[in-house]
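Since every read-out is calculated from the coordinates, none of them should be taken as a lab result. No experiment lies behind these values; they were computed from the predicted model shown. Cβ placement follows ideal geometry from the backbone for every residue including glycine, while neighbour counts extend to all protein chains displayed.
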Amino acid sequence: GESVGLHLPTLSVQEGDNSIINCAYSNSASDYFIWYKQESGKGPQFIIDIRSNMDKRQGQRVTVLLNKTVKHLSLQIAATQPGDSAVYFCAETTNTGNQFYFGTGTSLTVIP
Amino acid sequence: EPEVTQTPSHQVTQMGQEVILRCVPISNHLYFYWYRQILGQKVEFLVSFYNNEISEKSEIFDDQFSVERPDGSNFTLKIRSTKLEDSAMYFCASTRQPDYGYTFGSGTRLTVV
């Protein structure tokens, strides 16, 4: 089956620094990707998405980069804040969009 | 901001019992989903639902599972005879279009004892 995985299970950064969270995917047919943030006791929260016809997309303090050649996705968080501490998942789907495949998750801890 | 609401937040049930997990999707959404997350593991797809029928289901979603939209607002997941391995967080999600990001609920923690 499809496989979406994260390179680092945990990441600790100093407040104010930039964070980079990485994700590898194996299904070359995937064409839509989302980064979700999950805080303790809550459901996944949409952060940013990107389609396969793009290689970069920016939001507020977040940027997603997509490298289809090596099937790699990254999430960059600028000026990381304590409120950014959470588990971050990448998820991917094909154009049917009926189900997303989630990665294992990276736990981000922001040190004040 | 519109929310997906799930009840109960935590349910404890005995093995072999039936449970119904309830969800109220966002009112103008048409596509509904159930996912689950076993503690410390990935979020896993269970089922998608559109136009009053299942669109897609995973191998996890066997004949012990069923979904229903009994009225215009609720979307339920039923597990007929729970097993210990059904213990997980169950997330409901909805969206207006299937290839856009979902809105997830806060989940129901199901504990089977």
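Structure notes:
- A Förster distance of 30 Å, applied to the separation of the beta-carbon atoms of B:GLU1 and A:ASN67, puts the FRET efficiency at 0.40.
- Once the Cα-Cα distance is subtracted from the 0.36 nm per residue extended length, the B:SER81 to B:THR13 segment shows a gain of 23.5 nm.
- For chain A, the antiparallel share of DSSP beta bridges with both residues in that region comes to about 90%.
- Mean Cα-pair separation over length for chain B, i.e. relative contact order, pairs under 8 Å, 6 or more apart, %: 39
- Sparse-neighbour loop sites [GluC sites (Glu not before Pro); segment B:14-93; at most 14 other C-beta within 10 Å; DSSP]: B:GLU18, B:GLU59
- Which listed pairs, of A:LYS71/B:LYS57; A:LYS37/B:LYS42; A:LYS56/B:LYS57, have C-alpha distances above 21 Å, in listed order: A:LYS71/B:LYS57; A:LYS56/B:LYS57
- For chain B, Kirkwood radius (reciprocal of mean inverse C-alpha pair distance, Å): 13.9
- Viscosity 1.306 mPa s, 10 °C: Kirkwood-radius Stokes-Einstein D of segment B:1-66 over Cα pairs, µm²/s: 116
- Per-residue shielding of B:30-38, expressed as the average number of other chain Cβ atoms within 10 Å of the residue Cβ, stands at 2.
- Spin-label model, B:SER73/A:THR10: points 7 Å from Cα along the beta carbon direction are separated by 4.4 nm.
- Calculated from the alpha-carbon coordinates, chain A shows an Rg and a Dmax of 13.3, 42 Å respectively.
- Peptide A:99-109 is shielded by partner chain Cβ atoms: per residue, an average of 4 of them sit within 10 Å of its Cβ.
- Cβ neighbours within 10 Å from other chains - mean over B:60-69: 0
- Protection-proxy order for peptides B:98-105, B:77-84, each taking the mean of Cβ atoms within 10 Å per residue, highest first: B:98-105, B:77-84
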